[in-house]
Amino acid sequence: MKLLYTATWTDHAQHALASAMAAFTTWVAAEASVNSFITARQQFSRPDHDEYSASLVELRDGGTIQRTRLWAVQDRPLSGTSSTTISVEVRGEGRSYAAPSIVASLLGHGFRPGVGEDLLTTAPRYIAGAADGEQLAEQVSAFDRRVPIVVMMHMPDLFTRLRRSASGFDTIANRTAAAVAGVANVVVADPGSVAEFNDALGPDHAVGPGDLRIFRPGVDPAVDGEHANHPRLSPGRWYADEYLAPRYVARRTTTPHTAATRRRAPVLV
């Protein structure tokens, strides 16, 4: 079975292991209510109960099989503070690369879940104005950033002209954030913040009017051709199709990606 989704993050909640077990039990019950062809198992892998694993196997429409696995390992504290490493993996024969709903539950019940210094969110973050745009440019170009950032530019008048469904912009943004929960963060930006963002990063890394753009780690305007590593969608496509943005972003973030170019190491002076 091919890899459809994988995510690993650190949770600093005191009872993250117990929360993971509770989230899995609730999720299995919800899945069983709509699909009777499932098999679930869970166990603690160590005698001291500091490692938990679980899996759910589903028989889906068309006879395809999908397996979701969850691991939670509590790190042994050295300075009095503990943390838990949580991993979720989905393998199957389908075409959906979206995060399973248990991921949003795990993140929502966690305390400062993140990858390195990057905190993970389960909902879009809305920004407006020049100051927010400048701050976003700093975050996107941070050398140690490890989590992709999806920038969705909101132009209400253009969206109204191009939309072909009843779904509003916020619905599309929320679906996109849910699809990439655990692996990427979504930012909704207004024209004022995008203008400042573009001024800071330059034309190659700019977000065009109404564009959606995925900024993978390693943004560096000083490297020729590096901008090609950050794909975009024009508003004529994703404003018009309410399902396109979640699918497009998920396929490009929820499985391992090899960067096209390598970012230069900082010069120490």
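Mind listing whichever residues of segment 1-54 are among the hydroxyl-bearing types (Ser, Thr, Tyr), surrounded by fewer than 17 Cβ atoms within 10 Å (Cβ to Cβ) and in a helix (DSSP H, G or I)?
Scanning segment 1-54 gives 25, 26.
For segment 99-110: of the residues being within 17 Å of residue 147 (Cβ to Cβ) and either part of a loop (DSSP other than H, G, I, E, B) or touching a helix residue (DSSP H, G or I) at 6+ places or on another chain (Cβ under 8 Å) (or both), which is most open to solvent (accessible area, probe 1.4 Å)?
Once the filter is applied, the top-ranked residue is 104.
Out of everything in segment 136-188 that is part of a helix (DSSP H, G or I) and within 14 Å of the chain's Cα centre (by Cα), what residue ends up being farthest from residue 126 (Cα to Cα)?
To start, the set of residues in segment 136-188 that are part of a helix (DSSP H, G or I) comprises 136-140, 156-162, 169-179.
Okay, now just the ones that are also within 14 Å of the chain's Cα centre (by Cα), so 173-179.
Values: 173: 10, 174: 11, 175: 15, 176: 14, 177: 12, 178: 15, 179: 17 Å.
Residue satisfying both the conditions and the ranking: 179.
Go through segment 221-238 and give me each residue that's over 18 Å from the mean Cα position of the chain (by Cα) and either open to solvent by 20 Å² or more (accessible area, probe 1.4 Å) or under 12 Å from residue 189 (Cβ atoms) (or both).
221, 222, 223, 224, 225, 227, 228, 234, 236, 237
Out of all the residues in segment 197-210, which are surrounded by fewer than 20 Cβ atoms within 10 Å (Cβ to Cβ) and either under 17 Å from the mean Cα position of the chain (by Cα) or assigned to a loop (DSSP other than H, G, I, E, B) (or both)?
202, 206, 208, 209
Test each condition in (1) farther than 19 Å from residue 253 by Cα; (2) in contact with a strand residue (DSSP E or B) (Cβ under 6 Å, 6 or more places away or on another chain); (3) open to solvent by less than 50 Å² (accessible area, probe 1.4 Å) for residue 126 and report the one that comes out false.
Tallying (1) farther than 19 Å from residue 253 by Cα; (2) in contact with a strand residue (DSSP E or B) (Cβ under 6 Å, 6 or more places away or on another chain); (3) open to solvent by less than 50 Å² (accessible area, probe 1.4 Å), residue 126 fails exactly one: (3).
Which ones in segment 220-254 are farther than 27 Å from residue 89 by Cα and part of a loop (DSSP other than H, G, I, E, B)?
220, 221, 222, 223, 224, 225, 234, 239, 240, 241 - these are the residues of segment 220-254 that are farther than 27 Å from residue 89 by Cα and part of a loop (DSSP other than H, G, I, E, B).
Kindly provide the set of residues from segment 111-121 that are part of a loop (DSSP other than H, G, I, E, B) and either basic (Lys, Arg) or closer than 19 Å to residue 252 by Cβ (or both), ordered by number.
Passing the criteria: 112, 120, 121.
The values are calculated or read from the model by the stated rules, or taken from the named source; none is laboratory data. Owing to the predicted nature of the structure, the values given are computational and were not obtained by experimental measurement. When we count neighbours, we look across all protein chains shown, and the Cβ atoms used for this are built from the backbone with ideal geometry, even at glycine. Keep in mind that these areas ignore ligands, DNA and RNA; they rest on the heavy atoms of the full protein, side chains included. Shrake-Rupley method; radii C 1.70, N 1.55, O 1.52, S 1.80 Å.
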